[in-house]
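Q: The structure follows.
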Amino acid sequence: MKALALLLAITLPASSQTEKSGPWEMQNSGTTANLRGIHAVGGGVAWASGTNGTVLRTEDSGYMWQSCAMPPGAEKLDFRGIWAWDADNAVVMSSGPGDQSRLYKTTDGCSHWTPLKTNTDKDGFWDAIAFSDPKNGYLLGDPVNEKFVLLRTADGGTTWKPVETPDLDIKNLHLGAFAASNSSIALIGPVLGPITVPWIATGGIDGPIMLLGGIDCTMGLAHSNPDACLSHYDFQHIKPPMKGGNESSGIFSVALPSNGHQGIRSAVAVGGDYTKPNESAGTAAWTVDGGAHWTAAAKPPHGYRSTVAWDGDAKAWIAAGTSGSDLSYDDGKTWQPLDNGNWNALSLPWIVGPKGRIAKLGALPSAGDGAVSTPSVR
């Protein structure tokens, strides 16, 4: 029985002839699970997650994807978010109503998993998880009792405390976040020691609304009693010019550039209506003033997009969704298509989608080059 808890010794090598979908080089995941979780650690290490308790890991840049031991009781769970720090340590989040939303942690390369937290509210539904360092992170959930659930950890996920602020109240608004790609929150900062604050992307009938997080704390209090500042979270409510007005539309993903590209003032949001995957109107917006004002993309992506990420090497944004992926070299103002593949989530250089689809980014086209490719049949 102990052998069942060990990392399965299945290695899944890439094929000798690489299949491609646009610039994406398809890889062999060895699973048919619907993948929505992906986190690139660096140094060739990445983790992926999906339906039916699926967790995958690679240590060699995707040449082989290893099937992890299943977390206890996770056979029917949908792991929509995963966050890792190296080849051994990771936290995986399942999304679902009530106790189908759970957290597990591994410290031995996914041979064993420890349950961290189970959602005890029958009306709750967890959407995203993000960490700024191995200790500090946030978990976002849909509103319960007309208030967004936002939890914070300072010990790597072992314990979680709610972020209390009236700014998370939605009152009579019909709003929610989307658990489509584990990117409905983006962390800003740090603003207080090692502590960051989240931006929260939402949608729904009264959406879309972006919640811009901050901590309203005086310098004196921050120096004398920094822990007291954690009771002073505030969130501005901003309405970007994106698709909204029904339960299937809104902002699905928000991201900021890394490596100091325009600091925290520049950001891109993508979304649309997931029931209309080929409709391009209202699928992207950008800001250059810290989120205070947003502008719709003049030439948007060519359909609904559930995920967006910054490519620091290419100095470009990449967005993807169920009708393909797109590229922007001008901070989200205009987009050019990359492929027509079916995708869910990004953590560059990787992208994942349904039926076990995993691919790694290859060479990107130059600005203005057409790059649409019919997806490879797998």
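Q: Tell me, rounded to the nearest percent, the portion of alpha carbon pairs in region 170-266 spaced more than 15 Å apart.
A: Working: 3038 of 4656 pairs.
Everything past 15 Å amounts to 65 percent.
Q: Apply the Karplus curve 6.51 cos²θ - 1.76 cosθ + 1.60, θ = phi - 60°, to the phi angles in region 201-210 and return the couplings in whole Hz, x for Gly and Pro.
A: So the J values, rounded to whole Hz, are 8, 9, x, x, 4, 9, x, x, 9, 9.
Q: Taking 0.36 nm per residue of sequence separation and subtracting the Cα-Cα distance, how much length would be gained by fully extending the chain between E75 and S224, in nm to one decimal?
A: Working: separation 149, 0.36 × 149 = 53.64 nm, distance 4.81 nm.
Residue separation times 0.36 nm, minus the Cα-Cα distance, leaves 48.8 nm.
Q: So, with a 1.4 angstrom probe, what is the percent of accessible area on the chain that is carbon and sulfur? Could you put the intermediate results ahead of the total?
A: On the way: 8030 of 15370 Å².
Carbon with sulfur: 52 percent of the solvent-accessible area.
Q: If I take the Cα coordinates of region 129-219 and project them onto the principal axes, what are the three extents in Å, biggest first?
A: 37, 32, 20
Q: Measuring with a 1.4 Å probe in the full set of protein chains, what accessible area per residue, in whole Å², belongs to the chain?
A: Values: 15370 Å² over 378 residues.
Each residue of the chain exposes 41 Å² on average to a 1.4 Å probe.
Q: Okay, next question. Can you tell me which aspartates and glutamates have their Cα less than 12 Å from the Cα of K147? Leave out same-chain residues fewer than eight positions away.
A: Hits, sequence-local ones excluded: D123, E164, D167, D169.
Q: Can you list the aspartates and glutamates whose alpha carbon sits under 20 Å from that of K276, skipping same-chain ones fewer than 8 residues off?
A: D206, E247, D326, D339
Q: Ordering T18, T106 by accessible area with a probe of 1.4 Å, largest first, what comes out? Write out the running numbers ahead of the final one.
A: Values: T18 70, T106 0 Å².
Result of the area sort, largest leading: T18, T106.
Q: Now, a different point. May I ask for the distance between the Cα centers of region 128-147 and region 282-359, given as a whole number of Å?
A: So the separation of the two Cα centres works out to 23 Å.
Q: Still on this model: Which value in Å does the Kirkwood hydrodynamic radius of the chain take, with 1/r averaged over all unlike C-alpha pairs and then inverted? Don't jump to the answer; show the numbers that get you there.
A: Values: mean 1/r = 0.0485 Å⁻¹.
The Cα-based Kirkwood calculation yields 20.6 Å.
The values are calculated or read from the model by the stated rules, or taken from the named source; none is laboratory data. Just so we're clear, the structure is a prediction, and the values are computed from it rather than from any experiment. We work out accessible area using only protein heavy atoms, side chains counted, and drop any ligands, DNA or RNA first. Shrake-Rupley method; radii C 1.70, N 1.55, O 1.52, S 1.80 Å.
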